[in-house]
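**Student:** Provided herewith is a single structure, encoded as structure tokens, for subsequent inquiry.
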Amino acid sequence: MAFQIWNLRALARLSILSILLAACSIPPDTSRVIGENATTAEARKELVGLDQDDIRMCAGFPTATSATADGGSIWAYRADMPRGSWNVVNPAITLFGAIPAVNSSASVNSGGNCSTQFRFAKGKVDDVEYAGDNNTRTDLNGLCVSMVDNCVAYARHKTGK
């Protein structure tokens, strides 16, 4: 009898742990509950006006380019960024002899990607935008920081800010 009570307590603890860990996962759409990362937001302002040579200096060569209808161009930089993953499995425990207990598990794959686009008009950055599975639990576009942080620092250094 004591072993069966221990099994029930262990199952309850593991089930609660699984529920708590699953609650920590990133919701599918975080845009209504968190704000944009400060660095990616600053990049939208600070990088406007840099020319194509400046962007190549701070971000490297683009992974894709496209001409726009108005004669400008869009440069895209894409990066896949694994953020790790975890898996929790509660073992099935038989309670009271022949009554099987419920087996539960929680898995979270938290990889993501970011595509940062620079729109050029007359050879100068006119707009910066982000796309992809790039949000983190705390920031919109959080996975894009590493793609623009060097350019933000470059732009500040160039303008003396």
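Read-outs throughout are calculated quantities, based only on the coordinates presented, and are distinct from any laboratory measurement. Model, not experiment: these values are computed from the prediction. Ideal geometry is used to build each Cβ from the backbone, glycine not excepted, and the neighbour counts take in all protein chains shown.
**Student:** Please compute the modelled spin-label separation between Asp53 and Ile34, points set 7 Å along Cα→Cβ, answer in nm with one decimal.
**Tutor:** Going from the Ile34 label point to the Asp53 one covers 3.9 nm.
**Student:** Please list, in order along the stretch 57-62, the HN-Hα scalar couplings obtained from phi with the Karplus expression 6.51 cos²θ - 1.76 cosθ + 1.60 (θ = phi - 60°), rounded to whole Hz, x for Gly and Pro.
**Tutor:** Values, residue by residue: 5, 9, 10, x, 8, x Hz.
**Student:** Quick one: which residues, 5+ away or cross-chain, put their amide H under 5 Å from the amide H of Thr136? H built at 1.01 Å from N.
**Tutor:** Hits under the 5 Å cutoff: Asn141, Gly142, Leu143.
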